[in-house]
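So the structure is just underneath, and the comments pick up after that.
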Amino acid sequence: MEFNCEQNISVTYHATKYKQFDAMAIERNASSSMDSTEDVNNTSSNRQQWLDKKGKKFTISVYFLDDSVTAFAVQPKSLGKSLFEQVCNMLNLLETDYFGLEYFDTNNCRFWLEMEKPITKQLSFNYANPKLYFAVKFYTPDPCKLEDELTRYLCALQIKKDLIDGSLQCNENTAALMCSYIIQAEIGDFNSDECEDQNYITKFKLIPHQDSSFEWKVMENHKKHIGQSPADADTNLLETARRCELYGVKLSAVTDHEGVPLNLAVNHSGVLIFQNTTKVNTFAWSKIRKLSFKRKRFLIKLHKEEYFGDVVEFLFNNRNESKNFWKKCVEQHTFFRCPVVKKSVKSKGKIFSRGSSFRYSGRTQHEMTQYIRDACTRRTQFQRSSSRASRHQDKDFNSTSIKREPLLPVSTPNLDQIKSSSVILDSQRSQSALG
């Protein structure tokens, strides 16, 4: 039996009474890398650095895929969606739900900013200058389903970053082909007068370990792309990237029940198991009956008729990482597998609810595609900006933000004027188990 899309994936706690909450609190405190006394002293001073002189707003820096940075003023009690809507309004982005805002904790663990949760309860006040990163959250397996050229451009910039930081690993020939599309989009057609050898590739940072042999392969591929527009190059880049095994894969370190180190990842197809960067198994969504976490343990319950053992267990470093991965599974499953997301209803009268109240709060891929097509929105041209990463040798290079034409004002929009374009779910609904 497949997942019920109205309920998402369940989480179950097996401990009883209220001692479990004390144990979880102790575990969270023990796993923190900062001394608790120091945290208390630093929180007050760092909070003041966030707030403006009147104490009514705080400022957050958002780093975009083109390496530009914009500061946004947000009310202290604002939900995550308020900031995300400001970001999307500045970009004039239509297909917003493919993207999200990412931040890192003190242990360098990635978290997505939750839309229905106050920002101040997610970002640590230990940081004097809080930073968020605009990034692709859902890597579509079919780039043809991306309706807007701006969306494809942003996704292409994400692939470029994934190549640079080494998260998108593949064989050298495939990497050289993808990089040649990046060069085509950046500088246009190959010109033998200006590009006598592969040295023109050198100024572009493309992969972690870039040498002259690789740059020569990029140049030879670049010669074959004459006539391709930047939009065509973006599309070809996405079509090539989606065939790579590590496309859209963000690895999380775990151990199995025998203590063997592994990596977990989740995407549109299900939960993936890796040894280092080699995929060794895939638990497809259709084979999974239930996902849950209990402290550091992450449990996958499978359909009995498919496997001898119906429960597979993995161990994360701490409870926060285990729950974080579970949340990503909830969102990936809902976005790609469910046709619609219905609003959940708060159950009144319950003081305590069992399990996590987390829900995916955006539109599904199906909903978003239908919305864009029904809206019949005319596509407008936008301004492409060169990435600072591609000009890594020039430290004084200042990139401009990605904007459509006409350019939007740089000033931060009033929060009261922003209207949500997403289907919002009640984040307080108690978690239901799936049978």
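Remark: pairs (first residue in segment 243-254, within 22 Å of Pro143 (Cβ to Cβ); second residue assigned to a strand (DSSP E or B) and among the polar types (S, T, N, Q); Cβ separation under 6 Å; 6+ apart in sequence or on different chains) = Gly248/Asn267. For the criterion of being over 24 Å from Arg110 (Cβ atoms) and either hydrophobic (A, V, I, L, M, F, W, C) or surrounded by fewer than 22 Cβ atoms within 10 Å (Cβ to Cβ) (or both), Lys161 fails. Elements of the type helices (runs of 4 or more DSSP H) sitting completely within segment 1-111 and holding at least 2 residues that are among the aliphatic types (A, V, I, L, M) and modelled with pLDDT of 50 or more: these cover 80-91.
The values are calculated or read from the model by the stated rules, or taken from the named source; none is laboratory data. Only a predicted model underlies this, so the values are computations on that prediction, with no experimental measurement involved. Using ideal geometry, Cβ is built from the backbone for each residue, glycine included, and neighbour counts are taken over all protein chains shown.
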